[in-house]
1. Of all residues in the stretch 83-92, which are within 16 Å of the chain's Cα centre (by Cα) and either surrounded by fewer than 20 Cβ atoms within 10 Å (Cβ to Cβ) or in a strand (DSSP E or B) (or both)?
2. Exactly one of these conditions fails for residue 196: (1) at pLDDT below 75; (2) buried (at least 19 other Cβ atoms within 10 Å of the Cβ); (3) not in a loop (DSSP other than H, G, I, E, B). Give me its number.
3. Among the residues of the stretch 41-62, write down those that are outside any strand (DSSP E or B) and surrounded by 19 or more Cβ atoms within 10 Å (Cβ to Cβ).
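The values are calculated or read from the model by the stated rules, or taken from the named source; none is laboratory data. As the structure is a computational prediction, the values presented were derived from the model and not from experiment. Note that each Cβ is placed from the backbone with ideal geometry, even for glycine, and that neighbours are counted across all protein chains shown.
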């Protein structure tokens, strides 16, 4: 059973925000994870541990133009393309200074389901469209269903729980690709920047990833989504 299912969504938002530029600005990406609470949405800690049935979405922005692809390896072993696709929106071109909601359509959101653990949501941001014909840049065809990812059950950080009353797993959230971690087959074929060259900063309600040099190839990173 797929961990992220598509359900009817009540609302969405699109926020524009300008980014300051310098002579050689760093390339920055920011991701915010949100949970639906009744008819409203609330930004949550990137390591928030969700319950089965929770509905979630992402907000994404960057200070450069490019193209966005999002894939999910669920705890059940199902590997799926989350964006772009018919249900979540085909337009994956991003503009500097704009903020986007994933899924991008008003009619759908993601629902937590599947065995407890960490879904691995792979994000790929490319300065060029993957159908541009550049060497190593081809649309990421999905591989066959994989085995469930090897992951420990989410654990609450006791100090955070005592302070906020929320279950936060410090191992979840935005992360670079570990050196010994094997990418899904469709992403291994894409020539991309070494994720160790990226700088990741974690905040209470958002995560930021940056590159000190202009991007000349796709960037691939992961967001570990913890759930019971």
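1. 83, 84, 85, 89, listed by residue number.
2. Looking at each condition in turn, residue 196 falls short on (2).
3. Result: 45, 46, 47, 49.
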